[in-house]
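K.L.:
Dumping the structure here so I can ask a few things about it.
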């Protein structure tokens, strides 16, 4: 029996969601279920609307950056469609390094007939500027901890190598040149070259600086949300400590390349909070609360937009695949 695209997508979402649930369960067990439950019960819930508003603000600011990038590449679509596509892409926040947000390029192609090779660089540029923004925020909060130099150094080296490679288009084009003479690979090579040229435009100093500024403001909003989570649990942290813990944990999770930064983010966050003589139960409670209000809130919003607006595109693709199979069988 042929496995459809929608079935594969549902399976992947189920597996990652199950993995996320097991991580949360593991955190409850690590912190002692009764103590963690009590800690969360006495959380000052008046902060919750502000925390969710800050998380949503992160998505809005990143949407503005998405719009900026689209304009840079002369990709023009209605703002309503652009917003829906961007928000639907949030459900792939649980993919490794959020690279699954390339589904936005797929939706642009299906809804607006924009080639994936033109829009995919936008998603990669988003991840790059996010990575730099989180590095900057980690550095801002660094003086309050003086911890994590190796992770910061690894991040700086990785992003420098990536940007460095983009600065030498001749190198990539020379590597691709032999494949251009192979008929079956020529089309793929041309798509890669188109993507690379667009990426090169987005990685120039001015666009990269503007996009990174968007990223810093967006991720600072979530750092501030984490600070409110700590206040809601009656924990005395400075804003700089909150910035460092949240940004560093996000960076550590991204470097693991595990879907959603699971394990790496949670483990780093709990460990850093406990360094400041906070009980294990409260460290786990604050981690669970902020992850629900950021990662899983984004996934929920993304799934809602995707289910309402774009699920039919996947279903239509499945129908087309079935028609192709039927035609092939008739030919045989």
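The values are calculated or read from the model by the stated rules, or taken from the named source; none is laboratory data. It should be emphasised that the depicted structure is a prediction, and the values quoted were computed from it without experimental measurement. Here the Cβ positions follow ideal geometry from the backbone for every residue, glycine too, while neighbour counts run over all protein chains shown.
K.L.:
It is to be established whether one or more residues within the stretch 240-254 are part of a loop (DSSP other than H, G, I, E, B), at negative phi and either at pLDDT below 95 or surrounded by fewer than 18 Cβ atoms within 10 Å (Cβ to Cβ) (or both). Steps first, answer last, please.
P.N.:
Of the residues in the stretch 240-254, the ones part of a loop (DSSP other than H, G, I, E, B) are none.
The answer is no, given that none of the residues of the stretch 240-254 is part of a loop (DSSP other than H, G, I, E, B), at negative phi and either at pLDDT below 95 or surrounded by fewer than 18 Cβ atoms within 10 Å (Cβ to Cβ) (or both).
K.L.:
I've got another one for you. Can residue 258 be described as at pLDDT 85 or above and touching a helix residue (DSSP H, G or I) at 6+ places or on another chain (Cβ under 9 Å)?
P.N.:
Working: at pLDDT 85 or above: no; touching a helix residue (DSSP H, G or I) at 6+ places or on another chain (Cβ under 9 Å): yes.
No: the conditions fail for residue 258.
K.L.:
Would you please list the contacts, defined by Cβ atoms under 8 Å and residues six or more apart or on different chains, that run from a residue in the stretch 238-257 that is free of Cβ contacts under 8 Å to residues at least 24 places away in the same chain to a residue that is outside any helix (DSSP H, G or I)?
P.N.:
From the stretch 238-257, the pairs are 253/262; 253/263; 256/263.
K.L.:
For the stretch 261-292, which positions are more than 26 Å from residue 127 (Cα to Cα), part of a helix (DSSP H, G or I) and modelled with pLDDT under 90?
P.N.:
Passing the criteria: only 275.
Quick grid of which residues meet (1) within 24 Å of residue 216 (Cβ to Cβ); (2) modelled with pLDDT of 95 or more; (3) touching a strand residue (DSSP E or B) at 6+ places or on another chain (Cβ under 9 Å); (4) exposed (fewer than 15 other Cβ atoms within 10 Å of the Cβ):
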residue	(1), (2), (3), (4)
47	yes, yes, no, no
52	yes, yes, no, no
66	yes, yes, no, no
72	yes, no, no, no
81	no, no, no, yes
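K.L.:
Further question: List the number of the failed condition for residue 98; all other conditions in (1) modelled with pLDDT under 90; (2) surrounded by fewer than 19 Cβ atoms within 10 Å (Cβ to Cβ); (3) closer than 16 Å to residue 294 by Cβ hold.
P.N.:
Every condition holds for residue 98 apart from (2).
K.L.:
Ok, one more. Right, residue 261: more than 28 Å from residue 25 (Cα to Cα) and crowded, with 22+ Cβ neighbours inside 10 Å or not?
P.N.:
Details: more than 28 Å from residue 25 (Cα to Cα): no; crowded, with 22+ Cβ neighbours inside 10 Å: yes.
In short, no.
K.L.:
What's the number of the condition residue 237 fails, among (1) in contact with a helix residue (DSSP H, G or I) (Cβ under 6 Å, 6 or more places away or on another chain); (2) part of a helix (DSSP H, G or I)?
P.N.:
Going through (1) in contact with a helix residue (DSSP H, G or I) (Cβ under 6 Å, 6 or more places away or on another chain); (2) part of a helix (DSSP H, G or I) one by one, residue 237 breaks only (2).
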